[in-house]
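Novice: Below is the structure I would like to discuss, written out as structure tokens.
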Amino acid sequence: MRVQEGERVISKLFRVINLFVENKSVTTADLVEKLGMNKRTAQRYLSDAIDYMDIRKNDDGSYSLINKESVYSLVKRDDSYLTATMLQYARALFPETRYDALDKYISLFNLQSLTPALQVLETSSIDYNKIDNTIKNIEYFLKFRCLKMNFLYLKDNKMKITTPYKIMFYNGFWYLIGFNDNEEVRAYRIDYIVDITSNGEKPIEISEKSKKMVDNTTSIWFGNEELYVDIELSDGIKEYFIERPIFKNMEIISEAPFTIRVMVYNSMALYMELMPYAPYFKILTPEARQYFAAKLKEAYEKHI
């Protein structure tokens, strides 16, 4: 059943890319024959691949991937929905061997690291097929960046206007990250977004500081100031943090005891990312330690 579920947009997208990686040239007929598509669908997927990868048209009408680095540049970004799409396919296809599935992709694209991979593979996520059309509509605004985006947000049943910036995958859900007129960042769950339109307004100019803040945040918790936090990790968890950094800005500042320094823009982001590892770390930075303690006390009083 899990394999059958993978045979949708997710699997087709990966298999098209796989054909280009493993063959010197690819034709529409190859997609029809090898992937079981009809000719119209094959042409659409081929067109998408050409748009996103470094592909040339040959004299005989076939297409060739110029180099694998073009695929690497596309999938290495942790904000890439193509990356998460392929990993979701791996998750559907190999539910019992997720690490093996991850190794398959790392080997296939000659990648040394793919930071968001384990998070995507280990997280129960919303069905990509349900939001595929919405993402395609959002992609228009992200591609041309010439208009603000209007939409109805079902979470509060209100109309929203945003300057869209990126799509990201976090904790099982897909989000549109956008800015309002005073450059405050907002995260909108894509499965709540409907009736996408534009009123013709031009998008706001986003400052480099705001771009940096969004691009360096791995969660949907954003802020304006850089917060540096020192964290001591127990021996049982340190290798896990080394192999799978959960923070983009992680620096090892001591080996004994093993201590890392991370940068976040929001204390809640720190709390949400660290909470699963609560027995195995100690926060050394006083302000962050106090925030974490207050949150733990609040949880204790509610549930104990």
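Novice: Of everything in segment 8-35 that's at pLDDT 80 or above and of a type outside the set (A, V, I, L, M, F, W, C), which residue is farthest from the chain's Cα centre (by Cα)?
Specialist: Result: Glu33.
Novice: Determine which member of the set Asp191, Asp215 is in the same structural domain as Lys148 (by TED's automatic domain parsing), within 24 Å of the chain's Cα centre (by Cα), under 28 Å from Asp132 (Cβ atoms) and among the acidic types (Asp, Glu).
Specialist: Sole residue among the options that is in the same structural domain as Lys148 (by TED's automatic domain parsing), within 24 Å of the chain's Cα centre (by Cα), under 28 Å from Asp132 (Cβ atoms) and among the acidic types (Asp, Glu): Asp191.
Novice: I would also like to ask the following. Would you please list the contacts, defined by Cβ atoms under 6 Å and residues six or more apart or on different chains, that run from a residue in segment 226-244 that is free of Cβ contacts under 8 Å to residues at least 40 places away in the same chain to a residue that is part of a helix (DSSP H, G or I)?
Specialist: Pairs found: none.
Novice: Name the residue that is farthest from Tyr175 (Cα to Cα), counting only residues in segment 216-243 that are modelled with pLDDT of 85 or more and charged (D, E, K, R).
Specialist: Asp235
Novice: Tell me which residues, restricted to segment 198-224, are among the polar types (S, T, N, Q), free of Cβ contacts under 8 Å to residues at least 60 places away in the same chain and surrounded by 14 or more Cβ atoms within 10 Å (Cβ to Cβ).
Specialist: Pass one, segment 198-224, residues among the polar types (S, T, N, Q): 198-199, 207, 210, 216-219, 224.
If we keep only those that are free of Cβ contacts under 8 Å to residues at least 60 places away in the same chain too, we end up with 198-199, 207, 210, 216-217, 219, 224.
Hits for segment 198-224 are Ser198, Ser210, Asn216, Thr217, Ser219.
Novice: Scan segment 255-270 and tell me whether some residue there is in contact with a Gly (Cβ under 6 Å, 6 or more places away or on another chain) and surrounded by fewer than 19 Cβ atoms within 10 Å (Cβ to Cβ).
Specialist: Initial filter on segment 255-270 (in contact with a Gly (Cβ under 6 Å, 6 or more places away or on another chain)): 265-266.
Still in the list and also surrounded by fewer than 19 Cβ atoms within 10 Å (Cβ to Cβ): 266.
Yes, because at least one residue in segment 255-270 is in contact with a Gly (Cβ under 6 Å, 6 or more places away or on another chain) and surrounded by fewer than 19 Cβ atoms within 10 Å (Cβ to Cβ).
Novice: Here's a follow-up. Considering only segment 250-265, I want to know if a residue exists there that is under 21 Å from the mean Cα position of the chain (by Cα), within 18 Å of Ala187 (Cβ to Cβ) and modelled with pLDDT of 90 or more.
Specialist: Yes: one or more hits.
Novice: Next up: Take segment 131-148 and flag every residue that is surrounded by fewer than 12 Cβ atoms within 10 Å (Cβ to Cβ), among the hydrophobic types (A, V, I, L, M, F, W, C) and part of a helix (DSSP H, G or I). Walk me through it before giving the result.
Specialist: Looking only at segment 131-148, we keep the residues that are surrounded by fewer than 12 Cβ atoms within 10 Å (Cβ to Cβ), and these are 133, 136, 143-144, 146.
Filter once more, so that each one left must be among the hydrophobic types (A, V, I, L, M, F, W, C): 144, 146.
Selection gives Phe144 alone.
Novice: Okay, next question. Out of Glu251, Glu232, Glu205, I need the residue that is acidic (Asp, Glu) and out of contact with any Lys or Arg (no Cβ under 6 Å at 6 or more places or on another chain). Which one?
Specialist: So the residue among Glu251, Glu232, Glu205 that is acidic (Asp, Glu) and out of contact with any Lys or Arg (no Cβ under 6 Å at 6 or more places or on another chain) is Glu205.
Novice: Related question: Can you tell me which residue within segment 274-298, out of those that are surrounded by 11 or more Cβ atoms within 10 Å (Cβ to Cβ) and aliphatic (A, V, I, L, M), is farthest from Leu227 (Cα to Cα)? Give the derivation first.
Specialist: Residues of segment 274-298 surrounded by 11 or more Cβ atoms within 10 Å (Cβ to Cβ): 274-275, 277, 280-285, 287-296.
Pick out the ones that are also aliphatic (A, V, I, L, M) and you get 274-275, 283-284, 288, 293-294, 296.
Values: Leu274: 15, Met275: 18, Ile283: 13, Leu284: 13, Ala288: 9, Ala293: 17, Ala294: 18, Leu296: 20 Å.
Looking at residues that are surrounded by 11 or more Cβ atoms within 10 Å (Cβ to Cβ) and aliphatic (A, V, I, L, M), I get Leu296.
Novice: So which of Asp195, Asp191 ends up being among the charged types (D, E, K, R), under 26 Å from Met275 (Cβ atoms) and either in contact (Cβ under 8 Å) with a residue 24 or more places away in the chain or in a helix (DSSP H, G or I) (or both)?
Specialist: Of Asp195, Asp191, the one residue that is among the charged types (D, E, K, R), under 26 Å from Met275 (Cβ atoms) and either in contact (Cβ under 8 Å) with a residue 24 or more places away in the chain or in a helix (DSSP H, G or I) (or both) is Asp191.
Novice: Among the candidates Ile246, Ile237, single out the residue that is crowded, with 16+ Cβ neighbours inside 10 Å and on the phi < 0 side of the Ramachandran plot.
Specialist: Result: Ile246 is the single residue among Ile246, Ile237 that is crowded, with 16+ Cβ neighbours inside 10 Å and on the phi < 0 side of the Ramachandran plot.
Novice: Between a residue in segment 17-31 that is touching a residue at least 12 places away in the same chain (Cβ under 8 Å) and among the aromatic types (Phe, Trp, Tyr) and any residue that is surrounded by 15 or more Cβ atoms within 10 Å (Cβ to Cβ) and in a helix (DSSP H, G or I), which pairs come within a Cβ distance under 7 Å, given they are 6 or more apart or on different chains?
Specialist: Short answer, once both residue conditions are applied: Phe20/Ala49.
Novice: Also, quick follow-up: Kindly evaluate Tyr228 against the criterion of being surrounded by 18 or more Cβ atoms within 10 Å (Cβ to Cβ), part of a strand (DSSP E or B) and aromatic (Phe, Trp, Tyr).
Specialist: Numbers: surrounded by 18 or more Cβ atoms within 10 Å (Cβ to Cβ): no; part of a strand (DSSP E or B): yes; aromatic (Phe, Trp, Tyr): yes.
Answer is no for this residue.
The values are calculated or read from the model by the stated rules, or taken from the named source; none is laboratory data. Source: prediction; values computed, not measured. Using ideal geometry, Cβ is built from the backbone for each residue, glycine included, and neighbour counts are taken over all protein chains shown.
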